[in-house]
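The values are calculated or read from the model by the stated rules, or taken from the named source; none is laboratory data. On a predicted model such as this, the values are computed, not experimentally measured, just so you know. Virtual Cβ from ideal backbone geometry, glycine too; neighbours counted across all protein chains shown. Heavy atoms of the whole protein, side chains included, go into the accessibility calculation; ligands, DNA and RNA do not. Shrake-Rupley method; radii C 1.70, N 1.55, O 1.52, S 1.80 Å.
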Amino acid sequence: MGAEEDANSRGSDGLVVVPAPQPRKGLASWALDLLESLVVRLGHDKSKPLHWLSGNFAPVRDETPPAPDLPVRGHLPDCLNGEFVRVGPNPKFVPVAGYHWFDGDGMIHAMRIKDGKATYVSRYVKTARLKQEEYFGGAKFMKIGDLKGFFGLFMVQMQQLRKKLKVLDFTYGFGTANTALIYHHGKLMALSEADKPYVVKVLEDGDLQTLGLLDYDKRLKHSFTAHPKVDPFTDEMFTFGYSHEPPYCTYRVITKDGVMLDPVPITIPESVMMHDFAITENYSIFMDLPLLFRPKVMDALEMVKNGEFIYKFDSTKKARFGILPRYAKDDKIIRWFELPNCFIFHNANAWEEGDEVVLVTCRLENPDLDKVNGFQSDKLENFGNELYEMRFNMKTGAASQKQLSVSAVDFPRINESYTGRKQRYVYCTILDSIAKVTGIIKFDLHAEPESGKKELEVGGNIKGIYDLGPGRFGSEAIFVPKQPGVSGEEDDGYLIFFVHDENTGKSEVNVIDAKTMSADPVAVVELPNRVPYGFHAFFVNERATGATSRGAVNIAAAEAGAERETQAT
């Protein structure tokens, strides 16, 4: 670890930086560890098991180098030649105290497909945070799971002391890169919304290598959402970052050539969790929803008094949606719309229809992030996520919403050739608890939902359900078209996703027909190791079409381009 490594690792276009943090052992580190251990012993009950570190939420301790020639039942179509990747939390070290499902070092589980054969690999994203904990040989950074009551405030102060005394080095951020993946301008990126993107190189044999941080020639000074949007028609990427200090939200446009344009602060009244946003052909849509971060003194006192989590949902406030022209230089002409109180983790898509902007999203009421924190039972109360259509009239200022499903569905995906344009089909996961996926469901936005339904069943706007069966749980399903672009049928393609069987302890990758949603999978690939439940996935297609937003990239070309990025100037 050292400054010289960083000085020699910025590429010729100044984009990718290899993190070279300089943490310090010594008296200060030893004293803070001792103080922390005493307070943890007094204030944290270690006798209770941490649900999110048990069962198939438990991490796998070792990376898996490329394991080729995996058993395949069925066949892997040619359009799946490429790399299927999914990231999620996988803590390398046992936490000091609490643990939230959003904690954990990012590990990418990948399957390289070529000519009907499959190779599995898993690798940590080599973040600055992970490098420092490897240096110490244990967990050092504060966890989201610690941020509750008086103990939470103490752990915040411990992190600040470690930073001030240079025990930990925050020069390169402290994110986990555990949330999502995106591909733009020849780079596959691992994302978490508290940090900058990490560039991951895909090798010809399917292996993965972390190249470094992407700071866009030092123009990126704030955090970067885990859900940027790439326009498939312009190859531009649109993104934002939210903060606990003003400006609470900052919008950015990145050209098809990978150049980040000037920041556009978005004015919102207080710090909120803004996990996702959306784009249309001409607009970007921001969501000011009242899941609040509480760093203020009075909020902190209430948090200590009531033993509450640091994030709290305010059910008394309206949900606000801000619509801004995509290339606006400031937020003076943003239009704000109000709808009934709610929260949204994930949007499916958005587009324009006449005077209206349409947003299709997974909406829920009264979320409690403490439900995915600490000591939990195996069966968790659902958040109640439901598919909704929201409409915002740019001429009259009217806003409306329409429920498209009962609960519980989330992780919506579409044929991404239609991002920002009107489309028909949405594929979601079916949730039986906050985190466990029991199946994949297909919605037809051109059909009306059946009234009076209390369960998710085929009929009306539900065109198909792929049920995983008892004791089997899946993950986000990625749509891979048979042919790229919008000239063919929108749903003519495949869905690919990870599955874990809790009855046998084995994991696999399933491929199903997205058009028919047949119960008979197109392919099942048996994996050599257990794959823990995780978050978001992506597919990098091997075809050299230039359509980067569809994940269509020549892997060999991407490998060579990424290598050039990290050569010394």
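Only one of the values [x] 22; [y] 31; [z] 14 was calculated from this structure for percent of Cα pairs over 43 Å apart; name its label.
Answer label, from the structure shown: [z].
Provide the FRET efficiency to the nearest 0.05 for the residue 341-residue 217 pair, computing r from the beta carbons and using R0 = 41 Å. Write out the running numbers ahead of the final one.
Working: r = 41 Å, r/R0 = 1.00.
E(calc), rounded to 0.05, equals 0.50.
Name the longest site-free stretch of the chain, where the excluded sites are GluC sites (Glu not before Pro) in a DSSP loop with no more than 16 other beta-carbon atoms within 10 Å. Show your work: numbers first, answer last.
Values: sites that count: 63, 204, 270, 281, 365, 381, 450, 455, 457, 489, 502.
With GluC sites (Glu not before Pro) excluded where exposed in loops, the chain gives 64-203 as its longest stretch.
In whole angstrom, how far apart do the alpha carbon centroids of region 483-508 and region 227-267 sit?
If we compute the Cα centre of each part, the gap is 29 Å.
What is the set of long-range amide H partners of residue 342 at a cut-off below 5 Å, with H atoms built 1.01 Å from backbone N?
Sorted by chain and number, the residues that satisfy this are 319.
Roll a 1.4 angstrom probe over the protein heavy atoms and tell me the percent of accessible area of the chain that is carbon or sulfur.
Values: 11370 of 22190 Å².
Exposed carbon and sulfur together represent 51 percent of the surface.
Would you kindly find the accessible area of residue 487, with a 1.4 Å probe and non-protein molecules such as ligands, DNA and RNA excluded, rounding to the nearest 10 Å²?
That residue has around 110 Å² of solvent-accessible surface.
With a length cut of 18 Å (Cα positions projected on each helix's long axis) and a Kyte-Doolittle mean of at least 0.0, go through the chain and give me the DSSP H helices that pass. Before the final figure, lay out each step's value.
Details: long enough: 27-43 (24 Å, 1.20); 149-164 (23 Å, 0.02).
What comes out of the filter, once short or polar helices are dropped, is 27-43, 149-164.
Run lengths n ≥ 4 of DSSP H only: what is the helix-derived mean residue ellipticity at 222 nm for the chain, with -39500 (n - 2.57) per run over all residues, to the nearest 500? Intermediate values should be presented prior to the final figure.
Numbers: 6 runs with 68 residues, N = 569.
-3500 deg cm²/dmol, from helical runs alone.
On the full set of protein chains, 1.4 Å probe, figure out the accessible area of residue 333 and give it in Å² to the nearest 10.
Accessible surface of residue 333 is approximately 110 Å².
If you find the alpha carbon centre of region 51-110 and of region 140-177, how far apart are they in angstrom?
Cα centroid to Cα centroid, the span is 25 Å.
Accessible area per residue of the chain at 1.4 Å probe, in Å²?
Values: 22190 Å² over 569 residues.
The answer is 39 Å² per residue.
Can you put 30, 52 in order of accessible area, largest first, using a 1.4 Å probe? Working shown, then result.
On the way: 30 155, 52 0 Å².
Reading off the accessible areas and sorting them downward yields 30, 52.
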